[in-house]
Amino acid sequence: QAAFELINKFKAESQKPPVYFIFTYLSHWRAHYQEGLDYYDMSYRTGLETGDLMHATYAIAHKVHLLMWVGKNLTECKTEAENTIAFLKQAKAAAPLILAQIVYYSIQKLQTIPEQNPQLNFEAKDYEMIETIEKAHNVVFMGRFFQYNTYVNIVLGNLDEADKWNVMAENIIFA
């Protein structure tokens, strides 16, 4: 509340994108997740308006991440992720792009029926994603990638595989 009041009092438009972005990490403690989605949208919009591409790009990537975790329809999430990836590539936002690609890849895994797509080799793609994240030196996104793979494998009933990914996630989170 204090940050919002200061922005308004001093007409600090340039501070809206970071404040709106950070607020999403707190809003879920007291409000429905929709509030977080709304603030990601506000951070994205005001970031574009004020030229703060860093917060705009992180906001849109984290919005896709939140949509996935709150259980939105996968087809809707996939469309949102595709649009986000296109924007992030255009904006040359390498780090947020990785998060959006993790979400998109996880949706692909959940929507693929192996018997109908035997040519897809997710194991090889997993290693490509790990390599991409390692090159970016982003330990947070590596942990997220491991968490997503844990989640996907639990949903698909691959509990041994889920356990493998969970151990890797724990090694990062609790290291």
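The values are calculated or read from the model by the stated rules, or taken from the named source; none is laboratory data. As the structure is a computational prediction, the values presented were derived from the model and not from experiment. Backbone-built Cβ (ideal geometry, glycine too); neighbour counts: all protein chains shown. Protein only, heavy atoms only, side chains kept; ligands, DNA and RNA dropped before computing areas. Shrake-Rupley method; radii C 1.70, N 1.55, O 1.52, S 1.80 Å.
Things worth noting here:
- Within region 143-157, the set of residues being open to solvent by 70 Å² or more (accessible area, probe 1.4 Å) and closer than 16 Å to TYR105 by Cβ comprises GLN147, TYR151, VAL155, LEU156.
- A Cβ distance below 7 Å, combined with a sequence gap of six or more or placement on separate chains, defines the contacts here; from region 22-40, residues that are in contact (Cβ under 8 Å) with a residue 24 or more places away in the chain reach residues that are open to solvent by less than 70 Å² (accessible area, probe 1.4 Å) and of a type in the set (Phe, Trp, Tyr) in the pairs THR24/TYR39; THR24/TYR40.
- Residue in region 38-51 that is among the charged types (D, E, K, R), within 24 Å of ASN149 (Cβ to Cβ) and either in contact with a helix residue (DSSP H, G or I) (Cβ under 7 Å, 6 or more places away or on another chain) or surrounded by 13 or more Cβ atoms within 10 Å (Cβ to Cβ) (or both) present: no
- When region 15-32 is filtered for residues that are open to solvent by 70 Å² or more (accessible area, probe 1.4 Å) and either at pLDDT 95 or above or of a type outside the set (Lys, Arg) (or both), the ones remaining, listed by number, are GLN15, ILE22, TYR25, LEU26, HIS28, TRP29, HIS32.
- Scan of region 22-57 for residues that are among the hydrophobic types (A, V, I, L, M, F, W, C) and either on the phi > 0 side of the Ramachandran plot or in contact with a Phe, Trp or Tyr (Cβ under 6 Å, 6 or more places away or on another chain) (or both), ordered by number: PHE23, MET42, ALA56
- Filtered residue count, region 33-62, keeping only those that are polar (S, T, N, Q) and at pLDDT below 95: 1
- Count of region 138-165 residues, restricted to those that are touching a residue at least 40 places away in the same chain (Cβ under 8 Å), more than 14 Å from VAL103 (Cβ to Cβ) and among the hydrophobic types (A, V, I, L, M, F, W, C), is 2.
- Flag if GLU5 is of a type in the set (Asp, Glu), open to solvent by 30 Å² or more (accessible area, probe 1.4 Å) and either closer than 21 Å to VAL70 by Cβ or without any contact (Cβ under 8 Å) to a residue 12 or more places away in the chain (or both): yes
- Of all residues in region 8-21, exactly one satisfies the criterion of being among the small types (Gly, Ala, Ser) and in contact (Cβ under 8 Å) with a residue 12 or more places away in the chain, namely SER14.
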